[in-house]
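Engineer: Handing you a structure now.
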Ligand code: SF4
Ligand code: SF4
């Protein structure tokens, strides 16, 4: 039902084989409207994935003589354009080779072929639908944002190419780079105990994607949000996780090369993730989603208690 990709130093990530999801999980679902919605998002997601993978070909057509100076004005305009196509978060940083997967999905092998600079993108998932996790509307919302953010990522990469820069669009549903640590490096937030990027604006309630480019980037300041410190007093996600898959903050595993922490036991998460087509309980229960960053940090103590393992 799922496959595994690996990065330098042993980093691994699982991803869902969508063909099997279609036939085995949703084949007999009675909620036709929701099913139709999900499959329309799946269709758009796969179209977006296929367009994102054509970056290599499109980059050959880039006319570098058109390049403007990548100055403040250039980046302000790019950010404005990104917002106009629905992107909620944008950050800039260099690509860290330790977050590049060694093997990619099927025929898409990009090791040693990722451009040096990264534009990391985020799009909010609707709170009302995520609150219904692990019921289908939460999974449908995740698929919607995979599709929407994927389309926006492809458009933004084209925006850069139209201006003479090379750009590789990496789709939120799967790409050659691990997004949460890249997003943290780009100053978009901090990775919480649940292994998800937690941003000031949406907590853990966003999907991420990335564009790798040869444009020189503006500087991004990395804010100290204090999220990881807060997590130590909370751990609601650890208690609520139906698979017991989230390592508590003092039991995280360091990778052999010391480059990252393992937050989740994928073998325990994935059956639940798959069973509910997205699960998302660890996002739903997080106070940074429920009540928001400002409220949580005002109180500086656990503001909610785990009530369910549904
Ligand atoms: S639920 Fe609590 S411990 Fe888990 S990520 Fe959110 S704040 Fe951190
Ligand atoms: S998605 Fe579900 S099973 Fe996986 S870590 Fe989050 S709560 Fe646990």
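The values are calculated or read from the model by the stated rules, or taken from the named source; none is laboratory data. Predicted model only: the values in this text are computed from it and were never measured. Note that each Cβ is placed from the backbone with ideal geometry, even for glycine, and that neighbours are counted across all protein chains shown.
Engineer: Select from the range 272-306 the residues that are within 24 Å of the chain's Cα centre (by Cα) and modelled with pLDDT under 75 and write down the one among them that is farthest from ligand 2 (Cβ to nearest atom).
Structural biologist: Checking each candidate, the answer is 277.
Engineer: Of the residues in the range 141-190, how many are in a loop (DSSP other than H, G, I, E, B) and either surrounded by fewer than 24 Cβ atoms within 10 Å (Cβ to Cβ) or under 14 Å from the mean Cα position of the chain (by Cα) (or both)?
Structural biologist: Within the range 141-190, residues that are in a loop (DSSP other than H, G, I, E, B) and either surrounded by fewer than 24 Cβ atoms within 10 Å (Cβ to Cβ) or under 14 Å from the mean Cα position of the chain (by Cα) (or both) number 12.
Engineer: For the range 252-294, which residues satisfy the criterion of being within 13 Å of ligand 1 (Cβ to nearest atom) and in a helix (DSSP H, G or I)?
Structural biologist: 281, 282, 283, 284, 287, 288, 289, 290, 293
Engineer: Looking at the range 235-256 only, could you name the residues that are surrounded by 13 or more Cβ atoms within 10 Å (Cβ to Cβ) and closer than 22 Å to residue 6 by Cα?
Structural biologist: 245, 246, 247, 252, 255
Engineer: Of the residues that make up the range 3-12, is at least one touching a helix residue (DSSP H, G or I) at 6+ places or on another chain (Cβ under 7 Å) and at pLDDT 85 or above?
Structural biologist: For the range 3-12, residues touching a helix residue (DSSP H, G or I) at 6+ places or on another chain (Cβ under 7 Å) and at pLDDT 85 or above: absent.
Engineer: When you scan the range 202-251, how many residues do you find that are assigned to a loop (DSSP other than H, G, I, E, B) and away from ligand 2 (no atom under 16 Å from the Cβ)?
Structural biologist: 14
Engineer: Return yes when residue 86 is in a helix (DSSP H, G or I), surrounded by fewer than 19 Cβ atoms within 10 Å (Cβ to Cβ) and at pLDDT 90 or above and no when it is not.
Structural biologist: Values: in a helix (DSSP H, G or I): no; surrounded by fewer than 19 Cβ atoms within 10 Å (Cβ to Cβ): yes; at pLDDT 90 or above: yes.
For residue 86, the condition - in a helix (DSSP H, G or I), surrounded by fewer than 19 Cβ atoms within 10 Å (Cβ to Cβ) and at pLDDT 90 or above - is not met.
Engineer: In the range 229-236, is there at least one residue being in contact (Cβ under 8 Å) with a residue 24 or more places away in the chain and under 25 Å from residue 101 (Cβ atoms)?
Structural biologist: Within the range 229-236, none of the residues are in contact (Cβ under 8 Å) with a residue 24 or more places away in the chain and under 25 Å from residue 101 (Cβ atoms).
Engineer: Which residue, of 309, 232, is surrounded by fewer than 15 Cβ atoms within 10 Å (Cβ to Cβ), at pLDDT below 95 and within 27 Å of residue 11 (Cα to Cα)? Walk me through it before giving the result.
Structural biologist: Working: 309 fails: within 27 Å of residue 11 (Cα to Cα).
Going through 309, 232 in turn, just one is surrounded by fewer than 15 Cβ atoms within 10 Å (Cβ to Cβ), at pLDDT below 95 and within 27 Å of residue 11 (Cα to Cα): 232.
Engineer: Would you check if there is a residue in the range 193-201 being in contact (Cβ under 8 Å) with a residue 24 or more places away in the chain, more than 15 Å from ligand 1 (Cβ to nearest atom) and in a strand (DSSP E or B)?
Structural biologist: no
Engineer: Are there any pairs, at least 6 apart or on different chains, whose C-beta atoms fall under 7 Å, with the first in the range 205-221 and exposed (fewer than 15 other Cβ atoms within 10 Å of the Cβ) and the second part of a loop (DSSP other than H, G, I, E, B), and if so, which?
Structural biologist: 216/70; 221/187
Engineer: Can you name the residue in the range 16-53 that is touching a strand residue (DSSP E or B) at 6+ places or on another chain (Cβ under 9 Å) and part of a loop (DSSP other than H, G, I, E, B) and is also modelled with the lowest pLDDT among such residues?
Structural biologist: Among them, the one singled out is 17.
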